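Student: Pasting a structure here, questions to come.
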Amino acid sequence: MPSEVAERADFSTIRYAQCWEDADILVSALEPGPGKTCLSIASAGDNTLALLARSPERVLALDLSRAQLACVELRVAAYRCLEHYELLQLVGSSPCKERHGLYQRCRTYLSTDVQSFWDQRNSLIEQGIGSIGKFERYFRIFRTYVLPLIHSRTVISNLLETKPHDARLSFYEDCWNNKRWKFLFQLFFSRQVMSALGRSPAFFRYVEGSVAERILLRTRYAMTELDPAVNPYLQWILTGTHHNVLPFALREENFESIRHNLDRLEWRCSSIEDALDRGERFDCFNLSDIFEYMSEDSYERLLRRLVSRSNPGARLAYWNMLAPRGRPKSMAALLDPLEELSTTLFAEDKAFFYSAFVVERVR
Ligand SMILES: C[S@@+](CC[C@H](N)C(=O)[O-])C[C@H]1O[C@@H](n2cnc3c(N)ncnc32)[C@H](O)[C@@H]1O
């Protein structure tokens, strides 16, 4: 089955140097425990590694992009040979003046092609490997040039401090949500600016309505209903680092189990459509938001293929950002939406750009 998005988007550069999807809700949705076989869209690797922490039998990571798989391979090498605090330094979650030395230690564990991919990006490594994708550059431009026009450093630090719910609401209304915030946010996160600076225009093909308005509402939710002080995605977007507020795969409590299970992980440069032709069966599918970039017909065709490659009871998890996708009625005999679980987990989603988190179970 040919991949629709592969024909349109450019995959020659690192697009995502981190996964901008909340691994906490992903792991809760998929329950990737012992005996389970997982298929996971690779992206930068963090969420695939998060699945490994629960000791499934096997995880197969796929991506259309060799650049993304080079990110996965470097992270795997880092888990193998670095200490936890050094991994955080390499990624950019902690400060470090000499990331090159950390890379040199990881380099021994890389394949020849991936060594040369990263050797050509020496100066980027010094910035922290979590900061060098096109998407992270987009956030950096926002943080460096747009945010200072709206809020002072003091106000930004204040937003990121722990507060009770009531205080978060009043801080948002009284200090944060001023005219400049609303205007510049809507401008910067408009479809036109996003396409020019961050996301491939191909990714907006199936999106309707105002992109920025919807993201603004979700951002308000993340800043008020959720606690910004424990949100790694918000911390990074606003400050360029994690300040010890870490996503699942980078938290110390998950480091040893991920390291221990690295041999259960395999990665492959392939579209998911092609990978399914091999006839393997899976229990857990991390599908990122790949359906965002497909027509409804392609979505249903792929969903049917995924079900045909599932073990009974297998779970699928995916995000909608702007294009609504969820099990069509025509597949009711094959797939059950886990609506309550989806809603509960979506309410906890710390990566706040999405409009839905979908969890479905194969009959
Ligand atoms: C779907 S993107 C989304 C990342 C993030 N949610 C965002 O939009 O900000 C994550 C990864 O999926 C890969 N990808 C997209 N469609 C794919 C497909 N059909 N098969 C395999 N990988 C795919 C891309 O190369 C990318 O590295």
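Student: Show me 67-79, 280-292 ranked by packing, highest mean number of other Cβ atoms within 10 Å first. Could you put the intermediate results ahead of the total?
Tutor: Values: 67-79: 24.0, 280-292: 22.0.
The peptides rank, most packed first, as 67-79, 280-292.
Student: Using amide H atoms built 1.01 Å from N in the peptide plane, name the residues 5+ places from Phe282, or on other chains, whose amide H lies under 5 Å from its own.
Tutor: Ser310, Asn311
Student: Can you divide the C-alpha Rg of the range 134-239 by 2.2 N^0.38 Å and report the result to two decimal places? Could you put the intermediate results ahead of the total?
Tutor: Values: Rg = 14.0 Å, N = 106, 2.2 N^0.38 = 12.9 Å.
Against the empirical 2.2 N^0.38 Å value, I get 1.08 for the range 134-239.
Student: Tell me, what is the Rg over Rh of the range 272-314, with Rh the Kirkwood radius over Cα pairs?
Tutor: Details: Rg = 10.3 Å, Rh = 10.9 Å.
My calculation puts Rg/Rh at 0.95.
Student: Cut-off 19 Å, label point 7 angstrom out along Cα-to-Cβ of Ala333: give me the residues of the range 275-303 whose amide nitrogen falls inside.
Tutor: It comes to 300-303, nothing else.
Student: Another question, then. So what J values fall out for the range 68-79 if you push phi through Karplus, 6.51 cos²θ - 1.76 cosθ + 1.60 with θ = phi - 60°, rounded to Hz, Gly and Pro as x?
Tutor: 5, 5, 5, 5, 4, 5, 5, 5, 4, 4, 5, 5
Student: Could you give the length gained by full extension between Asp166 and Glu253, i.e. 0.36 nm per residue of separation minus their alpha carbon distance, to one decimal place?
Tutor: On the way: separation 87, 0.36 × 87 = 31.32 nm, distance 3.11 nm.
Between Asp166 and Glu253, full extension yields 28.2 nm more.
Student: Extension gain Ile156-Arg143, at 0.36 nm per residue separation less the Cα-Cα distance, in nm? Can you show the working numbers first?
Tutor: Working: separation 13, 0.36 × 13 = 4.68 nm, distance 1.06 nm.
Stretched fully, the Ile156-Arg143 segment lengthens by 3.6 nm.
Student: Which distance in Å, rounded to a whole number, links the C-alpha centroids of the range 29-49 and the range 116-146?
Tutor: Between the Cα centres of the range 29-49 and the range 116-146 lies a distance of 25 Å.
Student: From Cα coordinates alone, what are the radius of gyration and Dmax values for the range 217-315 in angstrom?
Tutor: Looking at the range 217-315, its Cα Rg and Dmax stand at 18.1, 46 Å.
Student: Of all chymotrypsin sites (Phe, Trp or Tyr not before Pro) in the range 86-154, which ones are in loop regions per DSSP and have a Cβ with at most 12 other Cβ atoms within 10 Å?
Tutor: Answer in residue order: no site qualifies.
Student: Can you compute the radius of gyration and Dmax for the chain, using only the Cα atoms, both in Å?
Tutor: 19.8, 56
Student: Can I ask one more? With no other cysteine's Cβ closer than 4.7 Å, which Cys residues of the chain count as lacking a disulfide-compatible partner?
Tutor: Those would be Cys19, Cys71, Cys81, Cys96, Cys106, Cys175, Cys269, since no other cysteine Cβ in the chain comes under 4.7 Å of theirs.
Student: Report the local net charge at Val155: Lys and Arg +1, Asp and Glu -1, summed over other residues whose C-beta lies under 14 Å from its C-beta.
Tutor: Around Val155, the charge tally is +2.
Student: Going from the alpha-carbon gyration tensor of the range 52-125, what semi-axes, largest first and in whole Å, does one get by taking the root of 5 times each eigenvalue?
Tutor: Details: eigenvalues 84, 57, 23 Å².
Values for the range 52-125, descending: 20, 17, 11 Å.
Student: Follow-up. Cβ neighbours within 10 Å, averaged per peptide: list 254-267, 165-178 in order, most packed at the top.
Tutor: Values: 254-267: 16.9, 165-178: 14.2.
Per-residue Cβ counts within 10 Å, averaged per peptide and sorted highest first, yield 254-267, 165-178.
Student: Also: For the chain, what is the relative contact order in percent, using Cα pairs closer than 8 Å and at least 6 residues apart in sequence? Intermediate results must be reported in sequence, preceding the final value.
Tutor: Details: 618 pairs, mean separation 92.1, N = 363.
With pairs under 8 Å counted, the relative contact order is 25 percent.
Student: Per DSSP H run of n ≥ 4, the term is -39500 (n - 2.57); total these for the chain, divide by its residue number, and report the mean residue ellipticity at 222 nm rounded to 500 deg cm²/dmol. Write down the numbers at each step before the final one.
Tutor: Values: 19 runs with 160 residues, N = 363.
My calculation for the chain gives -12000 deg cm²/dmol from helical runs alone.
Student: Right, next: From the phi angles alone, apply the Karplus equation (6.51, -1.76, 1.60; θ = phi - 60°) to the range 287-300 and give each ³J(HN,Hα) in whole Hz, x where the residue is Gly or Pro.
Tutor: 9, 6, 10, 4, 6, 4, 9, 10, 5, 4, 5, 5, 4, 5
Values quoted throughout were computed directly from the atomic coordinates according to the rules given, and no laboratory measurement underlies them. Predicted model, so just to flag it, every value in this text is computed and none were measured. Don't worry about glycine lacking a Cβ; one is built from the backbone with ideal geometry, like all the others, and counts go over all protein chains shown.
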